[in-house]
1. Radius of gyration and Dmax for the chain's Cα atoms, expressed in Å?
2. Sequence neighbours fewer than 8 away in the same chain don't count; with that in mind, list the lysines whose C-alpha is under 24 Å from LYS260.
3. Antiparallel versus total DSSP beta bridges in the stretch 32-150: what percent is that, nearest 5?
4. When ranked by the protection proxy of mean other Cβ atoms within 10 Å per residue, highest first, what sequence do the peptides 63-70, 288-295, 213-220, 276-283 form?
5. Say we join alpha carbon atoms closer than 10 Å with springs in a Gaussian network model of the chain; which of ALA72, ALA226, ALA265 then has the biggest fluctuation?
6. Over 26 Å, how big is the tail of the calculated P(r) for the stretch 204-322, in percent of all Cα pairs?
7. Just grab the label-to-label distance for LYS237 and ALA310, each label 7 Å out from Cα along the Cβ direction, in nm (one decimal).
8. Taking the simple approach of a point 7 Å from Cα along Cα-to-Cβ for both THR275 and GLN115, what is their distance in nm?
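Any read-out appearing in this document is the output of simple, stated calculations on the displayed coordinates, not a laboratory observation. The model shown is predicted, which means the values in this text are computed figures rather than measured ones. Please note: Cβ atoms are built from the backbone with ideal geometry, for glycine as well, and neighbour counts cover all protein chains shown.
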Amino acid sequence: MSTPITPYSASGVATAVGIHDLAIATGSAVLDLAHVAARLGVPHAKYTVGLGQDHMSVLGEDEDIVTMAAAAAKKVIDRHGAGGIRTIVFATETGIDQSKSAGVFVHGLLDLPKQVRVVELKQACYSATAGLQFAASIVARSPKERVLVIASDVARYEIGSGAEATQGAGAVAMLVTADPALIAFEPATGVYTHDIDDFWRPNFSDVAYVDGKLSVSAYIDATVGAWEDYVTHGGAKFGEIDYFCYHQPFTKMVTKAHTKMVAHALGKEAEVDRTQIDPTFTYSRRIGNSYTASMYIGLASLLDQGDDVAGDRIAFVSYGSGSVAELFTGIVQPGYREHLRTAENVATLDSRRELTDAEYLAVAQRKIADVTDYKNAHHTAGPFRFVGVTGAIRKYEATA
Ligand code: CAA
């Protein structure tokens with residue numbers, strides 16, 4: 001049980017602000033990394049132990065960041081309605097248009113009121129965290145407003161590369177409100193930016209470019225840098241933090257970063273308490289990297305595990321290559337378990353169709369002859385599908 005440092009406040013009025021609801025979505029197919037290991041001739045344990053990953057979600061032809069985002073956001077809207085939502089922030093690093101926000105497609109698919117501002121944010125895997133900070137400021141200023149923050153991404157690398165096993169796909173939709181049911185943010189944050197070429201995706205490429213080893217060290221340097229800034233901005237002491245929920249490109253990355261964080265904060269002799277990070281891994285081991293969504297899928301994993309963690313303090317450690325990191329904390333709210341989506345989340349993962357390696361390669365290596373005009377086969381089991389492109393315009397529809 002942790003004591004909040006001070007409630008989030010605006011204009012002298014103390015108001016708890018944070019995450020009221022969190023829903024997840026992913027691709028409707030899944031690949032066991034044993035298939036990738038067999039094809040590339042590497043030991044399966046390199047992935048399950050060396051990277052800490054078991055499976056990766058795969059999108060069907062008619063799924064993308066919009067269909068996943070709309071599926072996650074629909075769950076939130078179905079439960080809470082759209083009243084009070086005047087802002088939608090869509091965070092992604094796999095954007096589908098250079099101009100129009102993917103959030104506007106989601107707004108249309110969910111038939112939301114016109115009196116809403118919608119915007120897309122980009123800074124690699126970090127931008128959903130910026131979205132939450134912006135949302136918290138809006139709600140602190142105007143506590144009756146609710147902000148929908150969506151993160152949705154597809155992690156794609158070159159087939160046959162060392163990074164292939166760290167692919168994945170997923171979305172989260174989070175409702176940020178006053179008096180939240182799940183997590184109340186604390187005011188201190190630590191931020192860190194360093195211009196570095198560890199990972200990027202040029203406009204001409206569908207897959208990310210990455211300097212794998214540099215990306216690992218850049219992640220560690222940035223997250224430790226964010227911790228330092230958090231400390232100088234009045235954050236909690238390391239020993240007052242119960243859980244650490246990191247960005248999860250692969251779960252072993254979190255173990256590496258947390259080991260460095262513990263040594264930095266408590267000294268080289270200090271032992272890493274795995275119970276502070278392991279509960280955040282369950283869903284990511286099965287989904288793979290979901291870039292902007294991954295840290296918040298880690299939060300769903302932590303909250304859904306059996307123990308009651310009400311009152312505990314979680315440090316969120318967000319990293320986006322290129323690079324920007326932010327560390328902030330939140331307190332798990334009393335009664336949060338009544339607001340979880342545990343069965344729904346497990347069903348979302350369990351219901352994915354298992355692919356053979358050949359089926360996965362067919363989707364991953366699909367070549368589209370005319371990118372301005374094509375139709376997608378009906379693969380999705382979700383509520384929305386990406387029908388195809390007509391006259392260079394993306395078309396979506398509800399499946400039911
Ligand atoms: N049994 C158990 N473990 C084994 C093993 C076996 N048989 N064989 C190898 N391993 C271990 C290795 O010892 C290594 O562990 P350590 O790092 O703890 O030593 C681990 O498996 C991975 O082995 P390699 O380092 O040889 O793997 P690789 O070089 O082929 O690929 C990678 C690793 C560089 C991370 C690559 O997957 C990659 O480039 N991924 C994409 C980049 C990425 O995710 N970076 C993370 C930080 S950047 C970020 O967070 C933003 C983002 O989302 C991308």
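1. 20.0, 62
2. Output for LYS260: LYS46, LYS213, LYS237, LYS252, LYS268.
3. Close to 10 percent.
4. The densest-packed peptide leads the list: 288-295, 63-70, 276-283, 213-220.
5. So, out of ALA72, ALA226, ALA265, the one fluctuating most is ALA265.
6. Every Cα pair in the stretch 204-322 considered, those over 26 Å come to 19 percent.
7. Those two pseudo-labels are separated by 2.7 nm.
8. About 5.0 nm, to one decimal.
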